[in-house]
Amino acid sequence: MKLRKITSLTMLVSFVLLVLTSVILYIEPQGRVAYWSDWRLWGLSKPQWGNLHLNLGALFLLAGIFHLVYNWKAVTAYLKDKAKQLRIFTLNFNLALAVTLFVAAGTLLNIPPMSTLVSIGEGITDRANRKYGEPPYGHAELSSIKMFARKTDLDLAKIPALLKKANILVKNDNQTILQIAKANGITPKALY
């Protein structure tokens, strides 16, 4: 068992999974829509995908630090000039820095091709929002029936009879839309 190999392979596996979770987070609907429709992909919800991405990122970062330590000689060799003198701003480093700064600045200044990637993601998200449906307001699923009725101009007095007619069980009007939906095996959107 060699820690250097384990570190490199951990970086590889976590990188591949980070790319996967990045793509999923890129194509998923916005939070308000994902929570309202109980959006899932491969059985995982939006928060679960986000948490997975966060922890895989932390693992990748930790493995990257160990990888840097184990390969310090190679890294410093990349930063040496022809006379074997350590220079941080070598041609290779400057080009790597320039590419990175170009992508960062292009993103902030909204110029192609970075803006194109952002626009494609927004288009995918907008299609998902239309497919799964928008909630009446942000985080409506976390509102109690009382609050939901008030914010959507529904008659609170009529809600219990409508829910009973639809065979939806409710304990009290302080339950959240999400709690009621989960207890009845439906999405908040379907409950609405």
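The values are calculated or read from the model by the stated rules, or taken from the named source; none is laboratory data. Note that the coordinates shown come from a computational prediction; the quantities given were computed from them, not determined experimentally. Because the Cβ atoms are built from the backbone with ideal geometry, glycine has one as well, and the counts that use them run over all protein chains shown. Heavy atoms of the whole protein, side chains included, go into the accessibility calculation; ligands, DNA and RNA do not. Shrake-Rupley method; radii C 1.70, N 1.55, O 1.52, S 1.80 Å.
One table, with the values for the structure above:
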{"read-out": "Of all residues in region 155-183 being exposed (fewer than 11 other Cβ atoms within 10 Å of the Cβ) and of a type in the set (D, E, K, R), the one that is farthest from GLY138 (Cα to Cα)", "value": "LYS165"}
{"read-out": "Qualifying residue in region 66-87 (condition: at pLDDT 95 or above, open to solvent by 50 Å² or more (accessible area, probe 1.4 Å) and aliphatic (A, V, I, L, M))", "value": "no"}
{"read-out": "Only one of ILE186, ILE111, ILE120, ILE124 that is open to solvent by 30 Å² or more (accessible area, probe 1.4 Å), in contact (Cβ under 8 Å) with a residue 60 or more places away in the chain and not charged (D, E, K, R)", "value": "ILE124"}
{"read-out": "One residue from LEU62, LEU25 being part of a helix (DSSP H, G or I) and open to solvent by 70 Å² or more (accessible area, probe 1.4 Å)", "value": "LEU62"}
{"read-out": "VAL13 being at pLDDT 95 or above and open to solvent by 70 Å² or more (accessible area, probe 1.4 Å)", "value": "yes"}
